[in-house]
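Derivation of every value follows stated rules applied to the coordinates shown; laboratory data play no part. Quick caveat: nothing in here was measured; it's all calculated off a predicted structure. Glycine gets a Cβ as well: all are built from the backbone with ideal geometry, and neighbour counts include every protein chain shown.
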Amino acid sequence: MSLEYDVKDLSLAEGGRRRIEWAESEMPVLLHLKERFEKERPLKGARVSACLHVTTETANLMRTLQSGGAEVVLCASNPLSTQDDVAASLVTHDEIPVYALKGEDHETYYKHIHSTLDLKPHITMDDGADLLSTLHQDRRDMLEEVQGGTEETTTGVIRLRAMAKEGALAYPVIAVNDAMTKHFFDNRYGTGQSTIDGIVRATNILLAGKTFVIAGYGWCGRGLAMRARGMGANVIVTEVEPLAALEAVMDGFRVMPMIEAAPIGDIFCTLTGDIKVIDKHHFEIMKDDAIVSNSGHFNVEINIPALEGMASEIRRPREFVEQYVLKDGRRINLLGEGRLINLSAAEGHPASVMDLSFANQALSLEYILEHKDELENQVYTIPEDIDREIARMKLESMRVKIDVLTDEQKQYLSSWEEGT
Ligand SMILES: NC(=O)c1ccc[n+]([C@@H]2O[C@H](COP(=O)([O-])OP(=O)(O)OC[C@H]3O[C@@H](n4cnc5c(N)ncnc54)[C@H](O)[C@@H]3O)[C@@H](O)[C@H]2O)c1
């Protein structure tokens, strides 16, 4: 095979393929798009460089884009989230170049991003904006050919909006994250379930009866709080936004600053997109054996360098658990090196929810190619009719029917004259 790639072991490909097919059976909307793309080839000739978590669901997205006629190349959007069998299968069975190794170091991570950019993309796909940011900083010679990009997650969208505000964004980007059919479901139900899955797989602890501190009550935090409560944990929420904090209170959670939650929590998880949400002064007052994890995009939410500085010894009692023994003898257990715990210790979101997110990705690509001449160098929200169409297809696949407005109802809802 003349294909260039960097994956761990091609002999894992068969197992990867079986898991990709298993995920596909839970992704009816994407499959439907794949079938349409095969016939219509709307992405014909488009070169797509993607930097996404290399999971079974992403594999199905890549295969869908390929069916639409795109030339795709993939690297990881996180050093720990790659599923090596999936990477091997994409190379072996689909001839898609993949540059991703689970556990790759920082240097390899960026080397892989550069290899992915070597395709000279027309379209970039990001989850956290590392590919786009590298392209803007180090590979500016390629910018001219780029027609647009997509961004999967909240943190990436925040980075892109900052770039657009400064006039630094060199091509239009669609904020897939902002689609209702993305963050309502992926961030809430996907992160809610898969974060619990990651914490439990890493530790095998019982959640019932534990005090579970959740930092951030955005879409992800709400989902995790809801599921942690369902497993019998006593949930505490920390927030900085009055509205979000009030919502958490009304949803029945205890809300307090992290400094008050730190000494009473058994398990901590950050989902804020912010930095140093758990810091040195919090570690100083945590209980012995506290478990600390993150499910926000970057591993900066927990101040890991501070924790390292406080430790006299670092042990590894289980895979994905680093136990920092502090000078006073207390132990703090950091999960998955502070990286997205649902992707490092578990398998990320279940396929059924990624079906919605990745249908948005596929349709965004089609939209960019169709509208490239009208789009400006800004961050765009997904058009509402794409969102609604994805929800309709998902309901149809679930065999759920809904009512349809009658003409009288349509008229009533659009008139302002009718009152009491
Ligand atoms: N684990 C995953 O698979 C996954 C999936 C989707 C999104 N994400 C990431 O999770 C993070 C959160 O995403 P979201 O969609 O919930 O964002 P969001 O903007 O809806 O919510 C973030 C919340 O955190 C709060 N916050 C900010 N700083 C804080 C602090 N210091 N202390 C306490 N609260 C603070 C904000 O007020 C906000 O309410 C982002 O980094 C996003 O990229 C992860």
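A few notes on this one:
- Extension gain for residue 41 to residue 247 (0.36 nm times residue separation, less C-alpha to C-alpha distance): 69.6 nm.
- Förster radius 25 Å - calculated FRET efficiency between residue 226 and residue 398, Cβ distance, rounded to 0.05: 0.75
- Extension gain (nm, one decimal) between residue 25 and residue 141, 0.36 nm per residue minus Cα-Cα: 37.7 nm
- Compared with the direct C-alpha span, the chain from residue 114 to residue 288 gains 58.4 nm at full extension, assuming 0.36 nm per residue.
- Dividing the summed helix terms, -39500 (n - 2.57) for each DSSP H run of n ≥ 4, by the number of residues in the chain produces a 222 nm estimate of -12500 deg cm²/dmol to the nearest 500.
- Three-way shape label, the chain, alpha-carbon gyration tensor, a/c 1.5: oblate
- Cα gyration tensor shape of the stretch 240-318, rounded if a/c is under 1.5, else prolate or oblate by comparing a/b with b/c: prolate
- Excluding exposed DSSP-loop GluC sites (Glu not before Pro) (at most 13 other C-beta within 10 Å), longest clean stretch of the chain: 167-318
- Distance in nm between pseudo-label sites at residue 388 and residue 420 (7 Å out along the Cβ direction from Cα): 3.2 nm
- Exposure proxy ranking, count of Cβ atoms within 10 Å, fewest first, for 182, 372: 372, 182
- Charge context of residue 38, other residues only, Cβ under 15 angstrom, K/R +1, D/E -1: +1
- Just checking the listed ones, 188, 17, 399: in the Gaussian network model of the chain with Cα springs under 10 Å, the one fluctuating most is 399.
- Here's how it looks for residue 71: its modeled amide H is under 5 Å from those of 45, 46, 47, 48, which are all 5 or more places away or on a different chain.
- Listed pairs 44/165; 39/102; 44/394; 120/276 exceeding 30 Å between Cα atoms: 44/165; 39/102; 120/276
- Note on residue 9 and residue 373: with the Förster distance fixed at 45 Å, the Cβ-Cβ geometry gives a FRET efficiency of about 0.50.
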